[in-house]
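Visitor: Dropping the structure in here first, questions after.
The values are calculated or read from the model by the stated rules, or taken from the named source; none is laboratory data. In this text the structure is predicted, and so the values were computed from the model without any measurement. Cβ sites come from the backbone with ideal geometry, for glycine too, and all protein chains shown count toward neighbours. All accessible areas refer to the heavy atoms of the entire protein, side chains included, with ligands and DNA or RNA removed. Shrake-Rupley method; radii C 1.70, N 1.55, O 1.52, S 1.80 Å.
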Amino acid sequence: MRKFSIFLSLLLAVTFTVVVLGADGFQRDNDISSCEKRVLPTALSVADSVRHYYPIVAGEKLHFSYILRNIGDSPLLLDDIQPSCGCIVGKLNANVIPPHDSLIVSFTFDSSKNVGYVKHAIRLYGNILPRGMATLVFDVNVVPPSDNDLDYEELFKQQKDAEGGIEELVDGKPSEKGYYVDENAKTDSRSHAKYPWRE
């Protein structure tokens, strides 16, 4: 009986060595199960994250997109996207950005309840360096529709609608034409001189 228990112990030790360490006795990095891996914080880059859009007439929708680039070595996991207003609706196709890859996030701003200068922020939460958050900022002037004489934006819109919209098919809608950034702005707003708290 004693010989059998020694044999069984030896057999279990050999089986454990082959299963855990491999046939050659060396443990490899890829032998670690996925439960033991951690997702580390990573760096995010957003080109032109502080934008100034051209004026739109109240009631129009402003469509815009940001390209989020993961410039770190870990996958970027977006936990939450919080716009500063319910008038901003986002469309996110995925919430994971692989290392050294990018993702396009699209938003629609409905200007029907805003008039005048409007400034909004969109906060992205995830494993983003340094504090787990990045902020996208945009502003636009929303022009109210006039009651008597039409202003320039309304006349321009009526003229373009009367032409049949062929130019829109080629050049895009006026609310999608673009934006401008400050002269001293860099590619990422966290290093922008006007927003030092985003370091």
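Visitor: Given a 1.4 Å probe and heavy atoms of the protein chains only, how would you sort GLU60, GLU154, GLU183, largest accessible area at the top? All intermediate terms of the calculation are to be shown ahead of the outcome.
Guide: On the way: GLU60 45, GLU154 25, GLU183 190 Å².
Ranked from most to least accessible, the order is GLU183, GLU60, GLU154.
Visitor: Hey, if we sort ASP147, ASP161, ASP110 by accessible area with the 1.4 Å probe, largest down, what's the order? All intermediate terms of the calculation are to be shown ahead of the outcome.
Guide: Details: ASP147 145, ASP161 95, ASP110 50 Å².
Order by accessible area, largest first: ASP147, ASP161, ASP110.
Visitor: Provide the net charge surrounding VAL137, with neighbours chosen by a C-beta distance below 9 Å and charges set as Lys +1, Arg +1, Asp -1, Glu -1. Can you show the working numbers first?
Guide: Working: positive: ARG51, LYS119; negative: ASP139.
Its environment carries a net charge of +1.
Visitor: Would you mind getting the accessible area per residue of the stretch 27-164, heavy atoms of the protein chains only, 1.4 Å probe, in Å²?
Guide: Numbers: 7980 Å² over 138 residues.
Per-residue accessible area for the stretch 27-164 comes out at 58 Å².
Visitor: First compute the accessible area of the stretch 39-135 with a 1.4 Å probe, then give the percent of it belonging to carbon and sulfur atoms.
Guide: On the way: 2560 of 4730 Å².
In the stretch 39-135, the share of accessible area belonging to carbon and sulfur is 54 percent.
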